[in-house]
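**Student:** Pasting a structure below so you can have a look.
The values are calculated or read from the model by the stated rules, or taken from the named source; none is laboratory data. Everything numeric in this text was worked out from a predicted model, so none of it was measured. Ideal geometry is used to build each Cβ from the backbone, glycine not excepted, and the neighbour counts take in all protein chains shown.
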Amino acid sequence: MVPPELRISTQGKYMPLPAFIHDLDAFMEPQDACSAACRRPREFSRNRFVYTVISARSRGLSIGVNLNPDAQCNFNCVYCEVDRRKPAEARALNVSVMIGELRQALALVCSGQIRSHPRFAHLPPDLTELRQVTLSGDGEPTLCPQFAEAVRAIVQLRALQDFPDFKLALLTNATGLDLKQVEQGLELFGPGDEIWAKLDAGSPDYFERVNLPDCSLAKVMGNILQVARNRPVVIQSLFPRLDGEGPSAEEIERYVGRLQELRAGGAMISLVQIYSATRPMTNPRCGHLPLKSLYRIARLVKQQTGLKAEVF
Ligand code: SF4
């Protein structure tokens, strides 16, 4: 067990933390695009669908909306932090309850009252400023049957201007981006809203091994291409150490080739986020990749695609 004062979950390695940040780990967003809802501090708000976390990749405070309280997902990633051996909460999203919780959370954050909570009190003020509202889940958010209804309600709440304007970000494994309710929801996104799409693999074999999906890599690629031709997307790529090894050099070449393929197809990619699994996971075969390996991947992405790549 790593002592709390040595834990940091933003950079994929352990290092001493400044004193103010010791409590932060409990609020850090998990490193995966879609399972960001897990480990959120439910005890803080006792909410059913809305939670508040400090997120490294959001660069500060993010209000999350869990669209999958039932933990439904069509992937079974080796690094997933959602323990599906436990019975799911089996609760469907209730949009009106979710909006009520979101309104409360926005009021708490935007008024600065969140800083009176002991767990946020010692953070620098800029870390407690709202960066975005994240559509996420204990599973894949695009599988939520009320996806369009939820987005519509959030966009309507934003339009009331009771709170400062905020950005929406959808964290997704991309497989449901072509579903009707998702297309309808995404039509409501404003120009500043974002889609953060998972792409962890270059070869179908590695995709099967890491993501354990119920669909093909071609499907994921096709969906990313479809949305990214219309609006810039952020690509999120998590490379775990699996059975003691990271992805092979050949696999990384294939992965970079997928990014080149997307660009050549007309995809707009504003950023590639490279990171690894950084929390204790339910799968003992899965571990953290050294930071230097992540930087090597990011360098290859930059050199061979010209895309902006950042390591988290
Ligand atoms: S896509 Fe993978 S990491 Fe995300 S919720 Fe599904 S199984 Fe978990």
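**Student:** Residues in the stretch 287-307: is at least one touching a Pro at 6+ places or on another chain (Cβ under 9 Å) and over 25 Å from Glu81 (Cβ atoms)?
**Tutor:** Taking every residue of the stretch 287-307 in turn, none turns out to be touching a Pro at 6+ places or on another chain (Cβ under 9 Å) and over 25 Å from Glu81 (Cβ atoms).
**Student:** Quick check on the stretch 217-228. Is at least one of its residues within 15 Å of the ligand (Cβ to nearest atom), touching a residue at least 40 places away in the same chain (Cβ under 8 Å), over 30 Å from Ile297 (Cα atoms) and not in a loop (DSSP other than H, G, I, E, B)?
**Tutor:** no
**Student:** Can you give me the number of residues within the stretch 148-176 that are of a type in the set (S, T, N, Q), more than 15 Å from the chain's Cα centre (by Cα) and in a loop (DSSP other than H, G, I, E, B)?
**Tutor:** Going through the stretch 148-176, the residues of a type in the set (S, T, N, Q) turn out to be 156, 161, 172-173, 175.
With more than 15 Å from the chain's Cα centre (by Cα) added as a condition, the list becomes 156, 161.
Remaining after also requiring in a loop (DSSP other than H, G, I, E, B): 161.
Here the count works out to 1.
**Student:** Which one of Pro213, Pro145 is at pLDDT 95 or above and within 22 Å of Cys286 (Cα to Cα)? Write out each step before concluding.
**Tutor:** Details: Pro145 fails: within 22 Å of Cys286 (Cα to Cα).
Step by step, each of Pro213, Pro145 is checked, and only Pro213 is at pLDDT 95 or above and within 22 Å of Cys286 (Cα to Cα).
**Student:** Also: Could we say that Gln132 is more than 19 Å from the chain's Cα centre (by Cα), modelled with pLDDT of 95 or more, more than 16 Å from the ligand (Cβ to nearest atom) and under 27 Å from Glu81 (Cα atoms) here?
**Tutor:** On the way: more than 19 Å from the chain's Cα centre (by Cα): no; modelled with pLDDT of 95 or more: yes; more than 16 Å from the ligand (Cβ to nearest atom): yes; under 27 Å from Glu81 (Cα atoms): yes.
Criteria not met by Gln132.
**Student:** Another one. Restricting to the stretch 223-259, count the residues that are within 14 Å of Lys308 (Cα to Cα) and either more than 23 Å from the chain's Cα centre (by Cα) or surrounded by fewer than 15 Cβ atoms within 10 Å (Cβ to Cβ) (or both). Spell out how you get there, then give the answer.
**Tutor:** Initially, the stretch 223-259 is screened for residues within 14 Å of Lys308 (Cα to Cα), giving 232-237, 256, 259.
Right, trim to either more than 23 Å from the chain's Cα centre (by Cα) or surrounded by fewer than 15 Cβ atoms within 10 Å (Cβ to Cβ) (or both) and you get 232.
The total comes to 1.
**Student:** Among Gln104, Gln113, which is polar (S, T, N, Q) and either within 15 Å of Leu157 (Cβ to Cβ) or within 16 Å of the ligand (Cβ to nearest atom) (or both)?
**Tutor:** When all the criteria are applied, what remains is Gln104.
**Student:** Does any residue in the stretch 114-142 that is in contact (Cβ under 8 Å) with a residue 40 or more places away in the chain come within less than 6 Å, Cβ to Cβ, of a residue that is within 16 Å of the ligand (Cβ to nearest atom) and part of a helix (DSSP H, G or I) six or more places away or on a different chain, and which pairs are these?
**Tutor:** Qualifying pairs under 6 Å: Leu135/Pro141; Thr142/Val182.
**Student:** Which of the residues belonging to the stretch 48-81 are closer than 19 Å to Phe239 by Cβ and within 13 Å of the ligand (Cβ to nearest atom)?
**Tutor:** Result: Phe75, Asn76, Cys77, Val78, Tyr79, Cys80, Glu81.
**Student:** Now a separate question. Test Thr142 against the stated conditions and say whether it is in a helix (DSSP H, G or I) and within 16 Å of the ligand (Cβ to nearest atom). Full working, then the answer.
**Tutor:** Values: in a helix (DSSP H, G or I): yes; within 16 Å of the ligand (Cβ to nearest atom): yes.
Yes; evaluated as a whole, the condition is true for this residue.
**Student:** Quick one: which of Asn173, Asn230 is modelled with pLDDT of 95 or more and in contact with an Asp or Glu (Cβ under 6 Å, 6 or more places away or on another chain)? Before the answer, list the steps.
**Tutor:** Details: Asn230 fails: in contact with an Asp or Glu (Cβ under 6 Å, 6 or more places away or on another chain).
Exactly one residue qualifies, and that residue is Asn173.
**Student:** Only one of (1) buried (at least 19 other Cβ atoms within 10 Å of the Cβ); (2) more than 30 Å from Val182 (Cα to Cα) fails for Arg285. Which number is that?
**Tutor:** Of (1) buried (at least 19 other Cβ atoms within 10 Å of the Cβ); (2) more than 30 Å from Val182 (Cα to Cα), only one is false for Arg285: (1).
**Student:** Further question: Tell me which strands (runs of 3 or more DSSP E) are completely within the stretch 232-312 and hold 3 or more residues being touching a residue at least 40 places away in the same chain (Cβ under 8 Å), or say none if there are none. Reasoning before the result, please.
**Tutor:** On the way: elements: 233-238, 269-275, 309-311.
Fully inside the stretch 232-312 and qualifying: 233-238, 269-275.
**Student:** Also, I was wondering about something else. Which one of the conditions (1) surrounded by 15 or more Cβ atoms within 10 Å (Cβ to Cβ); (2) without any contact (Cβ under 8 Å) to a residue 60 or more places away in the chain; (3) not in a loop (DSSP other than H, G, I, E, B) does Leu93 fail to meet, given that it meets all the rest?
**Tutor:** (3)
**Student:** Just give me the residues in the stretch 177-216 being under 17 Å from the mean Cα position of the chain (by Cα), away from the ligand (no atom under 12 Å from the Cβ), under 24 Å from Ala277 (Cβ atoms) and among the charged types (D, E, K, R), in sequence order.
**Tutor:** Hit for the stretch 177-216 is Glu194, nothing else.
**Student:** Looking at (1) in contact with a strand residue (DSSP E or B) (Cβ under 6 Å, 6 or more places away or on another chain); (2) assigned to a loop (DSSP other than H, G, I, E, B); (3) within 21 Å of Ala169 (Cβ to Cβ); (4) among the aliphatic types (A, V, I, L, M), can you tell me which one Leu102 breaks?
**Tutor:** For Leu102, the exception is condition (2).
**Student:** Here's something else I'd like to know. Which of the residues spanning the stretch 171-222 are on the phi > 0 side of the Ramachandran plot and surrounded by fewer than 18 Cβ atoms within 10 Å (Cβ to Cβ)?
**Tutor:** Of the stretch 171-222, the ones on the phi > 0 side of the Ramachandran plot are 174, 212.
Correct list: Leu212 only.
**Student:** Just need a number here: residues in the stretch 58-116 that are within 15 Å of the chain's Cα centre (by Cα), of a type in the set (Val, Ile, Thr) and over 30 Å from Glu245 (Cβ atoms).
**Tutor:** Number satisfying all stated conditions: 2.
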